[in-house]
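Reviewing the structure listed below.
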Amino acid sequence: MEIKAAHVMVVTPHPDDAEYGVAGTVVRWVGQGQDVVYVVCTNGDKGTSDPNIKPEELARTREVEQTAAAHLLGVKEVVFLRRPDQGLEDTHEFRKEIVRFIRLYKPKTVVTADPYRRYLWHRDHRITGQVTLDAVFPYARDHLSYPDLLEEGLYTHKVDEVLLWGTEEVNCRFDITDTFHAKLAALRCHKSQVGHIPPEELENRLRERATSLAEGESFLLAEGFHRVEILR
Ligand SMILES: [Zn+2]
């Protein structure tokens, strides 16, 4: 098994969530020479209010959109797990799949959705966050977790930190003042999701959110996360 090391692995429930959550920071990391990979869990085939679009067609469109957005941000690789939209479950198979990619890419940082946001939160976001946290600790770390992965050459790996977007408890903010436009451009690649929003309105919404996340900081625009450090 050829190990392809990356500094950052972003695990996103649907195509477009990563752009809302972390795209501005991704551009910063890429600019610093860090390799970033995306793992997209679902095929996003429920993400429309248009009754004329067939789910298969939507899934294909959303992969094209996600690939374009990732390319624009400088993401090195995008992996599509193609699990059913609104169908994620906290299963042994799903967890093992995430462990497989953690052991393959050996990231220092894993970024995903905060599973602990209360009340209204997309079920796929909650489950992606929960399964990814479990995969990071302890499953990717422990050699007895999945002995068959060892046989494939996928050895244990310790992630340093997990950053959770969509969180109610921000404890970590990154400056995206200079990368805000790249984030916006990447989000606009997801035409099936944001194409109906007037361009200025989309920019204003994003800017408002980024401004409020930067409150109290020395910079103007931010992305915010709950950072969990994994102690050695
Ligand atoms: Zn989503």
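Bear in mind that the values in this text are calculations on the coordinates, not laboratory data. Worth saying up front: this structure is predicted, and the values here are computed from it rather than measured. Neighbour counts are summed over all protein chains in view; Cβ atoms, including those assigned to glycine, are modelled from backbone coordinates with ideal geometry.
Cα gyration tensor of the chain, axes a ≥ b ≥ c as square roots of the eigenvalues: rounded (a/c below 1.5), prolate (a/b > b/c) or oblate?
Working: a/c = 1.67, a/b = 1.25, b/c = 1.33.
Here the chain falls in the oblate category.
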Seminar exercise, completed: Dividing the mean separation of Cα pairs under 8 Å (6+ apart) by the residue count of the range 1-115 yields a relative contact order in percent of 43 percent
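With 10 angstrom as the radius, rank Tyr38, Tyr139, Tyr155 by how many other C-beta atoms surround their C-beta, starting from the fewest.
Numbers: Tyr38 26, Tyr139 20, Tyr155 13.
The order, fewest Cβ neighbours first, is Tyr155, Tyr139, Tyr38.
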Exercise. If amide H atoms are built 1.01 Å from N in the plane of the peptide, which residues on other chains or at least 5 residues away come under 5 Å of the amide H of Ala214?
Worked result: Ala222
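Net charge near Pro138: determine it from the other residues with C-beta under 14 Å of the C-beta of Pro138, scoring Lys and Arg +1 and Asp and Glu -1. Present the calculation step by step, with values, prior to reporting the outcome.
On the way: positive: Arg95, Lys96, Arg103, Arg141, Lys158, Arg232; negative: Asp134, Asp142.
For residues surrounding Pro138, the net value is +4.
How high is the relative contact order of the chain, in percent, counting Cα pairs under 8 Å that sit 6 or more residues apart? Please list the in-between numbers first.
On the way: 441 pairs, mean separation 59.4, N = 232.
Reported relative contact order: 26 percent.
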Exercise. Along the positive direction of the dipole of the range 96-232 (beta-carbon charges: Lys, Arg +1; Asp, Glu -1; about the Cα centre), which of Ala113, Gln193, Leu150 reaches farthest?
Worked result: Leu150
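About its Cα centre, how strong a charge dipole does the chain have in debye, to the nearest 20, once Lys and Arg get +1 and Asp and Glu get -1 at the Cβ?
Details: 30 positive and 38 negative charges, 47 e Å.
Here the size comes out at about 220 debye.
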Exercise. Hey, what did the range 128-232 get for relative contact order, percent, Cα under 8 Å, at least 6 apart?
Worked result: 36 percent
Seminar exercise, completed: Amide H neighbours of Val111 at under 5 Å, excluding residues fewer than 5 places away on the same chain, with H built from the backbone geometry, are Met9, Val10, Val11, Leu163
Problem set entry | Order of Leu133, Leu220, Leu164 - criterion: other Cβ atoms within 10 Å of each residue's Cβ, fewest first | Leu220, Leu133, Leu164
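Rounded, prolate or oblate, given the Cα gyration tensor of the range 43-176, with a/c below 1.5 counting as rounded?
Working: a/c = 1.59, a/b = 1.37, b/c = 1.16.
Here the range 43-176 falls in the prolate category.
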For this session: Specify the inter-centroid distance of the range 153-213 and the range 27-60, based on alpha-carbon positions, in whole Å.
Result: 13 Å
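With each run of n ≥ 4 DSSP H residues scored as -39500 (n - 2.57), what mean residue ellipticity at 222 nm is computed for the chain after dividing by its residue count and rounding to the nearest 500 deg cm²/dmol? Walk me through the numbers before you get to the answer.
Details: 8 runs with 93 residues, N = 232.
Result for the chain: -12500 deg cm²/dmol, rounded to the nearest 500.
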For this session: Taking amide H positions as placed in the peptide plane 1.01 Å from N, state which residues far from Val79 in sequence (5 or more) or on other chains have amide H under 5 Å from it.
Result: Tyr38, Val39, Val40
For this session: Among the lysines, select those whose C-alpha is under 28 Å from the C-alpha of Lys106, and discard any that sit fewer than 8 residues away in the same chain.
Result: Lys4, Lys76, Lys96, Lys158, Lys183
For this session: Step through the residues of the range 141-154 one at a time and calculate ³J(HN,Hα) from phi using the Karplus curve (6.51 cos²θ - 1.76 cosθ + 1.60, θ = phi - 60°), rounding each to whole Hz and writing x for Gly and Pro.
Result: 7, 9, 6, 8, 5, 9, x, 5, 5, 4, 5, 7, x, 9
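What's the FRET efficiency of Cys172 with Lys108 using the Cβ-Cβ distance as r and R₀ = 22 Å, to the nearest 0.05?
0.90
Just flag the GluC sites (Glu not before Pro) in the range 166-204 sitting in loop per DSSP whose Cβ has no more than 13 other Cβ atoms within 10 Å. Walk me through the numbers on the way to the answer.
Working: sites: Glu168, Glu169, Glu200, Glu201, Glu203; in loops: Glu168, Glu169.
The qualifying sites are Glu168, Glu169.
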Exercise. Ranked by Cβ crowding within 10 angstrom, fewest neighbours first, how are Arg100, Arg207 ordered?
Worked result: Arg207, Arg100
